[in-house]
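Q: Mind having a look at this structure? Questions to follow.
The values are calculated or read from the model by the stated rules, or taken from the named source; none is laboratory data. Note that the structure is a prediction, hence the values are computed from the model and not measured. All Cβ positions, glycine included, derive from the backbone under ideal geometry; neighbour counts span all protein chains shown.
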Amino acid sequence: MSDDGWPKGQDYDDDSSGEDTPEITSIKKRIHQALRSIDSKGDFACFRGLNGILDPNLHINGLDRAVKLPLSPDDANAIIDVCHRSPFGKGEETLVDTSVRKCWELNTTEFDIKAPGWANYMKKIIADVGKALGVADKVGSIRADPYKLLIYEKDAFFLSHQDSPKADGMFATLVVCLPTEHEGGEIVLNHRGKSMQFKTSTTSMAGFSYAAWYSDVFHEIKPITSGHRLVLTYNLILEGTDNVPSAPSSESSALRNVLKFWEPRAEDEGPYLLLYKLSHMYTDSSLSFQSMKGSDRPRMAELQAACEELGFNLYLGNVEREVRGSCDDYTNSQGYYEIQDTIDDSTIMKPVIDSQGNPVCGEIPVKNWEYIQMNVLRGIPTDEDYSGYTGNEGTSEKLASWLNRLLLLIKDPENTESREEFNRLVELVLGHNEAYEKYHAISRPGWRVSSTFRYKFSDTVLSIIAQGLYMIGNNELFEKTIKLHAAFVSPEVYPCIAENLVGQEYEIVKKALNYIFLQARDHPAKQVVVATDLVSACIDIPDERRPAEWVDLLCWREQKLAGLLPRLRNAKLGTSYINGHLRMEGFRAFYRRTFEDLVKDFNLDQGLEAKPVNSFGPLRTSIQYKSSALKGEDLISIYEQCLDFDIPLSILHAGIIRAIKQSQSLKMAFPNIIVPFLRGIVSGLPGRTGHKQGSAESTFVLRAILEYVLRYVRPRSNAVASWRRPPASSCRCNDCTELNAFLESHTQEVLELRINSSRRFHIHQALNKDRTIRHETRRSGNPNTLVITKLENPATMWKSRAVDAVKNINSIVSPTELEEFLGSAPYKSLMALDIVIKDRPIDDYIGHSNSEVSGRKRSATSDLNPEGASSVVHDTEVIDLT
């Protein structure tokens with residue numbers, strides 16, 4: 001059972017109520033001694049230099065020959081040119097950060113070892129490693145999976161870390177260092193207070209060496225001081241599910257004796273549960289009796305056999321201890337932040353599994369005194385999340401989530417533990433923010449600001465605290481918290497504020513509303529929320545409790561909103577309204593006057609971002625919308641409010657058509673934003689009167705689709721003859737300028753750039769997201785030449801866009817519904833893509849009579865529509881795309 005420790009010197013050992021009796025102490029001590037006597041002959045890591053090993057005949061993609069060893073500086077640079085930066089794992093993420101790991105790598109698909117005898121050499125190495133790590137009896141079940149080729153140049157390094165399991169059954173890492181002269185780069189390994197250091201440089205000039213270590217061992221690679229180091233890395237996998245072999249019986253007699261001594265006392269005097277901390281750490285996926293490492297293997301084998309014989313239950317689990325609280329803003333000698341005031345301290349074991357690997361329960365609470373060993377839950381933490389007193393979004397979300405959980409618990413007056421925890425948090429947050437205000441009140445320009453007072457807790461956190469304080473009836477701190485807000489009190493607090501103001505003099509009520517309104521003076525859209533929602537909360541107080549003069553607050557609201565109008569007209573109204581920040585119920589004139597400004601902000605390309613689609617290998621990205629981006633549902637919401645406020649829909653129509661014309665990402669924008677919006681119009685929104693054929697709405701829908709087809713598919717006569725591609729980079733360097741000019745050229749198919757490796761890498765990054773562009777290095781001359789080639793011919797790409805367009809149009813509604821809505825003739829012309837085949841203005845296709853289009857040639861898009869999509873035969877005069 002592995003656990004997360006905490007910094008030495010901090011006493012986190014709690015539960016004094018579980019103090020051991022002398023007899024329990026004796027049982028624990030005897031079990032511990034018995035298990036310690038069962039040990040493995042192996043160690044946690046090993047290293048060996050090799051002489052006369054076979055040349056692996058290493059081939060690397062992009063090099064036209066085998067890599068000659070020892071590696072020359074020129075070959076080292078050639079390899080680096082085709083490599084990519086090595087990432088590292090942090091939680092669930094895979095990151096590239098050269099301040100943590102500076103190294104180059106290739107995946108197994110990018111290199112090959114062709115020496116016929118290499119596999120036999122690896123078997124010998126595996127046998128030696130198995131013996132050194134104490135798993136000699138399992139050598140026949142161990143395989144070495146190639147993982148990476150790494151090359152370290154001068155100053156390359158990797159900070160201390162653990163290797164995450166890459167496959168089921170992985171228990172260790174093996175690295176084979178190939179002959180490459182270098183200095184430095186020592187491998188430093190630490191495990192349970194023991195340290196090892198391996199020097200690959202001593203054999204690097206002409207010899208091989210290997211090192212291996214268990215996956216949970218912390219290790220770091222010191223900086224290379226000169227030369228290069230080239231290594232092959234392997235994942236060592238233990239195959240099969242055979243039971244762990246038993247250790248000699250002489251070592252287990254003491255264990256059986258103490259268990260026999262404990263057995264009759266377990267139910268009457270206890271303890272009925274004891275925990276034993278293993279020597280190695282295991283991930284949830286690798287936790288099993290069959291995957292034990294080092295000394296854990298024989299100890300668990302003997303313990304398992306003794307428990308089965310005597311009727312004890314034996315389980316495995318991972319123990320996690322999490323302590324939250326305030327801390328200093330500087331680290332201790334071990335590089336961690338020491339917690340000064342503990343707010344929350346919890347320890348759980350999860351998952352809990354039996355000897356067959358079956359889960360027994362989700363999680364169970366763990367007490368420190370249940371451990372056989374002493375002071376188990378102390379030591380260096382395995383992970384830390386330090387945020388300091390920041391107001392950034394990530395920290396606010398975490399603290400807000402924590403507080404929201406407490407709000408649910410403190411509703412119960414009997415839950416004193418949760419209320420005490422909430423009060424400790426309130427004291428911490430309000431105390432810091434008050435100190436922050438006082439510090440900045442007395443500070444002067446030029447003073448160095450203490451890092452403690454660079455940030456304060458956010459308004460989001462304060463608003464949740466205010467709700468909790470109102471809930472438990474602490475009115476004094478409630479009012480204090482409202483005043484500590486820097487800019488914006490969340491609307492969820494408004495009913496609490498309204499209730500708190502009942503019984504106050506009307507002038508005090510208006511003064512309070514004015515104070516909250518002015519807090520948001522730098523955010524006019526938020527002032528709109530204050531004026532509308534806070535007044536609504538006051539008016540919603542039942543008549544029998546609400547003072548009569550509060551009705552005048554409606555006039556106060558209208559006065560405030562009217563004063564905001566000039567500022568709002570110059571603000572980004574689109575984002576404000578879409579996010580629900582411009583709720584204008586009861587104030588239609590205001591909304592109508594601002595709507596024309598609102599539609600000017602429509603931009604279908606806002607919210608697009610490039611996300612990596614692979615963790616390893618050359619970086620590839622995919623263009624995606626952020627979760628906060630404009631959605632079709634947002635446009636439908638605006639559409640409905642236009643109807644509610646009698647705003648001419650022509651204003652909205654014009655804004656959307658303008659956005660389609662200006663979009664550079666219609667491939668994404670049309671199906672993700674426009675299609676759901678058009679579907680709502682064509683299908684008819686709930687509670688709204690449907691639109692008929694020939695109406696302004698059907699004309700708008702037709703024009704929107706035609707604008708999309710014209711700009712995305714593009715006229716066939718021009719597109720099929722043009723090799724033009726959109727620019728790939730917004731960078732203004734000379735290389736990117738030349739690249740963009742090449743991409744926008746209608747005739748140029750290939751570009752060659754003789755540039756060094758860093759400039760080539762810059763161009764690679766710009767082109768990685770476009771799979772229709774090939775970019776590779778031709779390794780001749782100095783510098784090498786980057787060759788960029790446009791792959792697909794224009795006719796093929798045009799047809800591909802045409803297929804996409806028809807598919808997207810068909811996804812709006814069924815063909816029958818769309819034809820009925822648009823009219824037969826406009827629909828057939830649209831589905832035949834006349835707008836891009838006949839290359840005529842859009843206005844020629846708007847307002848057609850419902851008459852058949854002449855001609856009898858098969859539709860160009862008949863093969864683009866889904867089978868059975870429509871029973872209507874579309875006769876039109878077009879060019880067949882097949």
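Q: Quickly run through the stretch 282-299 and pick out the residues that are in contact with a Lys or Arg (Cβ under 9 Å, 6 or more places away or on another chain) and closer than 14 Å to Met349 by Cβ.
A: Hits for the stretch 282-299 are Tyr282, Asp284.
Q: Being surrounded by fewer than 17 Cβ atoms within 10 Å (Cβ to Cβ) and not in a helix (DSSP H, G or I) is the filter here; which residues of the stretch 644-653 pass it?
A: Within the stretch 644-653, Phe645, Asp646, Pro648 qualify.
Q: Residues Ala498, Ala487: which one is part of a loop (DSSP other than H, G, I, E, B) and either within 21 Å of Pro524 (Cβ to Cβ) or at pLDDT 90 or above (or both)?
A: Step by step, each of Ala498, Ala487 is checked, and only Ala487 is part of a loop (DSSP other than H, G, I, E, B) and either within 21 Å of Pro524 (Cβ to Cβ) or at pLDDT 90 or above (or both).
Q: Restricting the stretch 654-709 to residues that are outside any helix (DSSP H, G or I) and over 17 Å from Glu640 (Cα atoms), which is modelled with the highest pLDDT?
A: Selected residue: Ser663.
Q: Separate question: Restricting to helices (runs of 4 or more DSSP H) lying wholly in the stretch 525-582: which have 1 or more residues that are modelled with pLDDT of 70 or more and farther than 17 Å from Lys510 by Cα?
A: Qualifying helices (runs of 4 or more DSSP H): 553-569.
Q: Another one. Evaluate the following for Lys166: is it outside any helix (DSSP H, G or I), among the charged types (D, E, K, R), in contact with a Ser or Thr (Cβ under 8 Å, 6 or more places away or on another chain) and closer than 24 Å to Cys83 by Cα?
A: Considered against the rule, which asks whether it is outside any helix (DSSP H, G or I), among the charged types (D, E, K, R), in contact with a Ser or Thr (Cβ under 8 Å, 6 or more places away or on another chain) and closer than 24 Å to Cys83 by Cα, Lys166 comes out as no.
Q: Could you tell me which numbered condition Glu738 fails, if it satisfies all but one of (1) assigned to a strand (DSSP E or B); (2) free of Cβ contacts under 8 Å to residues at least 60 places away in the same chain?
A: (1)
Q: Taking the stretch 48-83 as the region of interest, how many residues are over 17 Å from Met205 (Cα atoms) and in contact with a helix residue (DSSP H, G or I) (Cβ under 9 Å, 6 or more places away or on another chain)?
A: The total comes to 10.
Q: Which of the residues that make up the stretch 1-45 are outside any strand (DSSP E or B), at pLDDT 80 or above and touching a Phe, Trp or Tyr at 6+ places or on another chain (Cβ under 6 Å)?
A: Result: Ile27, Phe44.
Q: Something else now. Here are some conditions: (1) assigned to a strand (DSSP E or B); (2) hydrophobic (A, V, I, L, M, F, W, C); (3) free of Cβ contacts under 8 Å to residues at least 40 places away in the same chain. Ala127 meets all but one. Which one does it not meet?
A: Checking Ala127 against (1) assigned to a strand (DSSP E or B); (2) hydrophobic (A, V, I, L, M, F, W, C); (3) free of Cβ contacts under 8 Å to residues at least 40 places away in the same chain, the one that fails is (1).
Q: Please work out which residue is farthest from His228 (Cα to Cα), limiting yourself to the stretch 46-98 and to residues that are of a type in the set (S, T, N, Q) and at pLDDT below 80.
A: Across the stretch 46-98, the extreme among qualifying residues is Thr94.
Q: Here is a follow-up. Determine, yes or no, whether Thr481 is modelled with pLDDT under 90, polar (S, T, N, Q) and in a helix (DSSP H, G or I).
A: no
Q: Of the conditions (1) part of a helix (DSSP H, G or I); (2) within 19 Å of Ser698 (Cβ to Cβ); (3) over 34 Å from the mean Cα position of the chain (by Cα), Asn808 fails just one. Which one is it?
A: Looking at each condition in turn, Asn808 falls short on (3).
Q: Taking the stated definitions as given, is Leu518 farther than 21 Å from Arg545 by Cβ, loosely packed, with under 15 Cβ neighbours inside 10 Å, modelled with pLDDT of 90 or more and of a type outside the set (Phe, Trp, Tyr)?
A: Answer is yes for this residue.
Q: Can you pull out every residue in the stretch 521-535 that is within 19 Å of Asn500 (Cβ to Cβ) and either basic (Lys, Arg) or free of Cβ contacts under 8 Å to residues at least 40 places away in the same chain (or both)?
A: Passing the criteria: Ala531, Val535.
Q: Considering the stretch 97-107 alone, what residues qualify as being out of contact with any Gly (no Cβ under 6 Å at 6 or more places or on another chain) and either surrounded by 14 or more Cβ atoms within 10 Å (Cβ to Cβ) or part of a strand (DSSP E or B) (or both)?
A: The answer is Val100, Arg101, Lys102, Cys103, Trp104, Glu105, Leu106.
Q: Assess whether Pro223 counts as being at pLDDT below 90 and farther than 30 Å from Ala119 by Cα.
A: Judged against the criteria, Pro223 is not a match.
Q: Continuing with the same structure: Test of understanding: among Arg378, Arg454, Arg419, which residue is closer than 30 Å to Lys28 by Cβ and either of a type in the set (Lys, Arg) or at pLDDT 85 or above (or both)?
A: Matching residue, one of Arg378, Arg454, Arg419: Arg378.
Q: Same structure, new question: Take the residues of the stretch 281-333 that are assigned to a loop (DSSP other than H, G, I, E, B) and modelled with pLDDT of 85 or more: which is surrounded by the fewest Cβ atoms within 10 Å (Cβ to Cβ)?
A: That would be Asn313.
Q: Also: Pairs needed: first member in the stretch 62-88, in the same structural domain as Gly227 (by TED's automatic domain parsing); second member anywhere, of a type in the set (Lys, Arg) and outside any helix (DSSP H, G or I); C-beta distance under 6 Å; at least 6 residues apart or different chains.
A: Ser86/Arg101; Phe88/Arg101
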